[in-house]
Structures are given as C-alpha cells and as structure tokens.
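The structure under discussion appears below in the form of structure tokens.
Just so it is clear, none of the values below were taken in a lab; they were calculated from the coordinates. Keep in mind it's a predicted model, so treat the numbers as computed, not measured. Cβ coordinates were reconstructed from backbone atoms using ideal geometry, including for glycine residues, and neighbour counts include every protein chain displayed.
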Amino acid sequence: MKEKEKKIEEIKKFRKQYNDTHANNYDKEWWSSEDALNEYNGFKKLVHVQPNEVVLDIATGTGTFLIEMAKLGSFCYGIDQSPKMLEQLKQKINQNNLEFNIKDIRVCVADQLPYPDQFFDWVTCIGMFEYYPLEYVKQVFDEIIRVLKPTGKCMVDIPNPYDNKTQNMAWIFKYNLDDFERLIKSYGLKVLARNRAGCMFQYLLLRIK
Ligand SMILES: C[S@@+](CC[C@H](N)C(=O)[O-])C[C@H]1O[C@@H](n2cnc3c(N)ncnc32)[C@H](O)[C@@H]1O
C-alpha cells in the first residue's frame, strides 16, 4: 500500500475508535463548545431542504444535522463509520418520531457510499474533512458527485486556516483555500455561499455539470 493510502487508513481506524469511545458524551461535549451555535446557525442559514427531497448526510455521527433536515420533511439517509455514534442517532430518531423521514442509517465509510448514482437532491458532510488530507477529500468528492443528482446541492465545511484556534489544533488538516476551491470547481460544483462559522468555513455548493 502506498504511504498516503496507509496514512488515510490509519486515520480512519483511529477516528473510528475515538468516536466509538466518545459517542455517549458526544452531544453534550459538542453543545458546550464555543463554536457549536455558530456552526448550527450557519447550517440553518445555508441548508434549506424541501419536503420530499432526498438527502444524504455523510459522517452523520449522532445526527445533529440529519435530524434538522428530517424535521423539514425531507427523506434522509445517514452514514458513519462509528456504530456507537449511530446508536445515539437511532435513539434520537425514536425520541423525535422521525422514523418515516429517516429512511436509512448505515455503518460505512465516506469513500464507499452504498447508494446508486444520481440518487440525492442534497449531500452534506460536516465535521469530517478536517481529520483527513486533501487526497481523501478528493475520494469523498468522487463519491458525492456520483450519488448527487445533476442539479443537486451540497454543503460541506473545512477549518479556517487563518483562525488562531485551528492553527493550535495540530491534529486537524488546514487546506489552502485556493486549492480547496479549485478542487470543488474541478468537480463542476459552483460555490453559492461561503459562511464563516466559528473556526470553520461552511460552503453551499450547486452541481452545474
Ligand atoms: C466530529 S463528528 C461530526 C458528526 C456530525 N457530522 C456533526 O457535525 O454533528 C465526525 C464524524 O465523522 C465520522 N467519520 C470520521 N471519518 C469517517 C469516514 N472516513 N467515513 C465515515 N465516517 C467518518 C466519525 O465517526 C464521527 O461520527
């Protein structure tokens, strides 16, 4: 296995163990972080899914954002590599009576989505890219583009490389913004909006080809 692929596999393995171990406290810890509300409000500002639209949330975790989209009446699919995070999500689906709108929750990795081509109106991927080098982001975009409808929308976030907080987090990847936006455009995605949310940049993207 090439060095970069090996590194990506190691990160996946570490993140799976980390999230399985922290799943029980994940929501409590996330909501007590100073950026949580900024990120949540930014998401609400950018993502306006319509009733009956079909939505995939990659790395959905405990489903903070998937639940919001299901409440708007869309048909939701969520994947994550951590079974323990998905157990938390399943409890929330049950508590919110969202079984009709949440169609499928699956344990799998972001670079091998178990869905047909051009199936989704929306794909979101929040709070995952920062753990991986840009090579893995490309693998995930290959899959996003495969499953997204020709005029579908997509929302992703990456760390703001100029923010003091992200600069002090040695374990996250900070991409050059020009490189990231060049990558997005190479997939035929147009940037509809860029939102600064705490130490993250959130992107709303439209597939144009
Ligand atoms: C910081 S949490 C974010 C969860 C959720 N998107 C949110 O914003 O609340 C990161 C999630 O990404 C998942 N994850 C990390 N690497 C992944 C991969 N390669 N494929 C699928 N899920 C992954 C983790 O298991 C974890 O649930």
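At most 16 other Cβ atoms within 10 Å and a DSSP loop assignment: could you name the chymotrypsin sites (Phe, Trp or Tyr not before Pro) in segment 80-120 that fit? Spell out each step's value before the answer.
Details: sites: PHE100, PHE119, PHE120; in loops: PHE100, PHE119.
Qualifying residues, ordered by number: PHE100, PHE119.
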> Which percent of Cα-Cα pairs in segment 91-189 sits in each 5 Å bin, short to long?
Replying inline: 2, 11, 19, 21, 17, 13, 10, 6, 1
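Mean separation of Cα pairs under 8 Å and 6+ residues apart, divided by the residue count of the chain: what relative contact order is that in percent?
On the way: 356 pairs, mean separation 40.8, N = 209.
After rounding, I find 20 percent.
Subtract the Cα-Cα distance of GLN167 and HIS48 from 0.36 nm times their separation in residues, and report this length gain in nm to one decimal. Show your work: numbers first, answer last.
Details: separation 119, 0.36 × 119 = 42.84 nm, distance 3.13 nm.
Additional length available on full extension: 39.7 nm.
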> Extent of the chain along each principal axis, from alpha carbon coordinates, in Å, largest to smallest?
Replying inline: 42, 40, 37
>> Taking 2.2 N^0.38 Å as the expected size of a compact globular protein, what ratio does the Cα radius of gyration of segment 53-149 give against it, to two decimals?
In response: 1.01
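Add +1 for every Lys or Arg and -1 for every Asp or Glu among the other residues with Cβ under 14 Å from the Cβ of GLY61, and state the total.
Working: positive: ARG15, LYS16, LYS28, LYS84, LYS90, LYS92, ARG106; negative: ASP20, ASP27, GLU29, GLU39, ASP57, GLU68, ASP80, GLU87, GLU130, ASP157.
Neighbour charge sum, excluding GLY61 itself: -3.
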>> If I build a Gaussian network model for the chain, linking alpha-carbon pairs within less than 10 angstrom, which residue out of MET155, MET128, MET169 has the largest mean-square fluctuation?
In response: MET169
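Sum -39500 (n - 2.57) across every DSSP H segment of at least 4 residues in the chain, then divide by the residue count to get the 222 nm mean residue ellipticity, nearest 500.
Values: 8 runs with 86 residues, N = 209.
Here the helix-only value at 222 nm equals -12500 deg cm²/dmol.
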>> Take the chain, mark every one of the GluC sites (Glu not before Pro) that falls in a DSSP loop and has at most 16 other Cβ within 10 Å, then report the longest stretch left between them, sites excluded.
In response: 100-209
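Provide the gained length on full extension for the span LYS7 to THR151, in nm with one decimal, where the gain is 0.36 nm per separating residue minus the Cα-Cα distance.
Gain in length upon complete extension: 48.4 nm.
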